[in-house]
Amino acid sequence: MGNFNNRTIVIGLIMVLLGIIYVLRLFMLQVYDPSYKFSAESNARRKITEFPSRGLIYDRNQELMVSNQAVYDIMVVPRETEPLDTFELATSMGIELNEARDLFDRIRQNLRTRKISSFQPSVFYKQMTAEQYGYFQEKLFKFKGFFGQRRIVRKYEYPTAANILGYVGEISEKQLKERTYYSQGDYVGISGIEKTYEKSLRGRKGARFVLVDVHGRQKGAFRDGRYDSAAVSGKDLTLTLDHQLQQYGEKLMQNKVGSIVAIEPSTGEILTMVSSPSYDPSLLVGRKRNENFPKLANDTLYPLFNRPLQSGYPPGSTFKTLMALIGLQEGVVNPETSFGCQMGYHTRALSVGCHSHPSPLKLPASIQMSCNAYYCHTFRRVLDNPVYGSPKTGLDVWKDYLVNFGFGYKLGTDLSNEGRGFVPNSNYYDKIYNGSWGSLTVISLAIGQGELLTTPIQMANMAAAIANKGHWYIPHVAKKIENDTIPSKYKQANYVGIDSVFFKPVIEGMEQAVWGGAGSTARIAQIPGITICGKTGTAENPHGDDHSIFIAFAPKENPQIAVATYVENGTYGSTYGAPISSLIIEKYLNGEIHRTRKWIEQRMLDADLIHESND
């Protein structure tokens, strides 16, 4: 009997103890930790994501290029909806009845496939303008389960620089799996600066919790905003770009296919980067993006293709500047070395033609008058140098110089989708010729033809390296990030492996190409009061007229700008490449075009190579 009483007491104590624990736990849930009550009240409150403003984008002179504007996504909680008049909803939203029906069909389909939950808000209609939403908001009380969610989209202040700025679009399923920060329906930088500096520009999302009544109407903040978190705006970005120069460059390249790249040699900062034809970046903002993107993607002139970064072209005779430097560094020529030219370079096996000019020429004059024969001789002396034992080793040495100048590989600029061009090596030719080839086989490389391919930004970078007498900085478009720093690699000098003393005769030849007498190939590029140094190029094109090329920098002393212009089907380098480059230089350094050169400017503005070629 005593044992029975003891067990009764123990069981009673256990029950009392459990009761105390239960009461304490209930107290914790309902009083001390109201977050559980917060969850229990989910049927009376709604979470509204607060999307941050993306960082603003300015040019180097603090001119605003990209800002933001508000739009509204119309959200729906399917479980909360009631039968409604679809026509009235469509009218209130400012859309067609059939479109509204399609939107409902999409919601029902997503519910069936469980892409969305009937208890959670889902996007019903994307990016309604602020004007539309102002009207719809007055009617919103009639449509239970619907509400508006504010979003921020880009506003482009000018119809220029699309290839640099890039665009923002809805995140893809693949990106969602790779990036935990984002949710379905979020927007992310797709290309250009918007993509590269996405983490800086995007900011941080916030959240706001509101009480709603049975009609879905907001009745105020939930628990006085205790659980709200503020959105943090993205960081502003200052570009190296000179917007006025960019606008001018795009005008000069109207109705032409090609590119302009201008770099500040002392920093690698990109001053302008024109891709032509281009497009207005505002075409890819808002609801009209879905309509405009396919049109741009299917345009036969490829306006979405970033030619300065992605096009692979033969550098043509502009390459002779680099070939001269290699010859000087290798000791196979010196500034006084002269070669004869009888309208080209001729052997019993082949001939490489050239235009009429005085002969023989020393090295500076060979650049001034763009002599093909001079560089065929120089190229063969490099490859057939007895020091290397074979032209195969000589070619690989030659390639190493090109790589040091930034050819054959991506430069590492801060814009996406950069191409690498192509620099062949001995293995490449071994495969083609079964190991049986020599310097004469690949002689076209001497004058920037053959298999050699470069991008326009690499050519501008070469001009900058020559201007700097032997080093270059990775070209980039980010100058300053708010409360942050740009990557350190853009501050590091890259040396080309050629002694600075050898740049003097090459630069002298480039100066005389513009300022010399008869036979100088770039006299049209002369700018009053500015000593410009340049080199023309004409790249052979088997599909039509040759391409017009020009590289230049100015002033000769303390260069402030280096330019490469490439005009497809523009024939000679002096026809379009040299005039356009010189106008860019003059506009940047002087702010205006001298009256004596207005006729050149007008001729470039009026030239139409696209429609003429289609006639």
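Read-outs: derived from the displayed coordinates by stated rules, not from any lab. Computed from a predicted model, the values in this text were never measured in an experiment. Cβ sites come from the backbone with ideal geometry, for glycine too, and all protein chains shown count toward neighbours.
Here are some notes:
- Shown for T393, T160: other C-beta atoms within 10 Å of each C-beta, ranked fewest to most, produce the order T393, T160.
- The chain: C-alpha gyration tensor shape, a/c 1.5 cut-off, then a/b vs b/c: prolate
- In plain terms, the residue of S548, S444 with the fewest other Cβ atoms within 10 Å comes first and the most crowded comes last, giving S444, S548.
- Taken about its Cα centre, the chain carries a charge dipole of about 2180 debye when Lys and Arg each add +1 at the Cβ and Asp and Glu each add -1 at the Cβ.
- Summarised in one figure, the compactness ratio Rg/Rh of segment 386-438, Cα atoms and Kirkwood Rh, is 1.10.
- Protection-proxy order for peptides 325-333, 109-117, 151-159, each taking the mean of Cβ atoms within 10 Å per residue, highest first: 325-333, 151-159, 109-117
- All C-alpha to C-alpha distances of segment 274-385, sorted into 5 Å bins beginning at zero, yield P(r) values of 2, 10, 16, 15, 11, 6, 6, 8, 7, 7, 7, 4, 1, 0 percent in whole numbers.
- Other residues whose C-beta falls under 11 angstrom from the C-beta of E194 contribute a net charge of +3, scoring Lys and Arg +1 and Asp and Glu -1.
- Between Q492 and I432, the C-beta separation translates, for a Förster distance of 56 Å, into a calculated FRET efficiency of about 0.95.
- Stretch gain in nm, segment I9-H611, where the contour uses 0.36 nm per residue and the Cα spacing is subtracted: 206.4 nm
- Residue-count net charge about Y181 - beta-carbon cut-off 13 Å; Lys, Arg +1, Asp, Glu -1: +3
- Largest to smallest principal axis extent of the C-alpha atoms in segment 520-615, angstrom: 42, 24, 20
- Checking the Cα-Cα distances for K47/K144; K320/K410; K47/K115; K195/K410; K362/K491 against a 26 Å cut-off, the pairs over it are K362/K491.
- For segment 344-403, alpha-carbon Rg relative to the globular expectation (2.2 N^0.38 Å, N residues): 1.26
- Over the chain, dividing the summed -39,500 (n - 2.57) contributions of all DSSP H runs of at least 4 residues by the number of residues returns a 222 nm mean residue ellipticity of -10000 deg cm²/dmol.
- Three-way shape call for segment 362-458 based on the alpha-carbon gyration tensor, with the a/c threshold at 1.5: oblate
- Positive-end residue of G344, S370, Y588, charge dipole of segment 243-614 with Cβ unit charges: Y588
- Database remark: amide H of F339 closer than 5 angstrom to the amide H of L361 (H placed geometrically; neighbours at sequence offset of 5 or more, or on other chains; Pro and chain starts carry no H).
- Residues with amide H under 5 Å from that of L271, placed H, sequence gap 5 or more: A262, I263, E264
- Cα centroid of segment 318-393 to Cα centroid of segment 485-533, whole Å: 20 Å
- Placing unit charges on the Cβ atoms only, positive for Lys and Arg and negative for Asp and Glu, gives segment 41-84 a dipole magnitude near 140 debye about its Cα centre.
- Placed amide H near I190: partners under 5 Å, 5+ positions off or other chain: Y167, V168, G169, K195
- For segment 346-354, putting each phi into the Karplus relation 6.51 cos²θ - 1.76 cosθ + 1.60 with θ = phi - 60° gives couplings of 10, 10, 5, 7, 7, 10, 10, x, 8 Hz, in residue order, rounded to whole numbers and with x for Gly and Pro.
- Highest to lowest packing among 569-581, 265-277, scored as the average C-beta count within 10 Å: 569-581, 265-277
- Of the DSSP H helices in the chain, those whose Cα atoms cover at least 27 Å axially and whose Kyte score averages 1.0 or more: 2-27
- For the chain, averaging the sequence separation of C-alpha pairs within contact (under 8 Å, six or more residues apart) and dividing by the residue count gives a relative contact order of 14 percent.
- Taking a straight line from the alpha carbon of K177, these aspartates and glutamates sit under 16 Å away, with near neighbours fewer than eight places off in the same chain left out: D186.
- Between the residues P277, M323, T49, the greatest Cα displacement towards the positive end of the dipole of the chain, with unit charges on the Cβ of Lys, Arg, Asp and Glu, is found for T49.
- Signed unit charges on C-beta, dipole axis of the chain, positive-most listed residue Y302, S548, I527: Y302
- Three-way shape call for segment 299-443 based on the alpha-carbon gyration tensor, with the a/c threshold at 1.5: prolate
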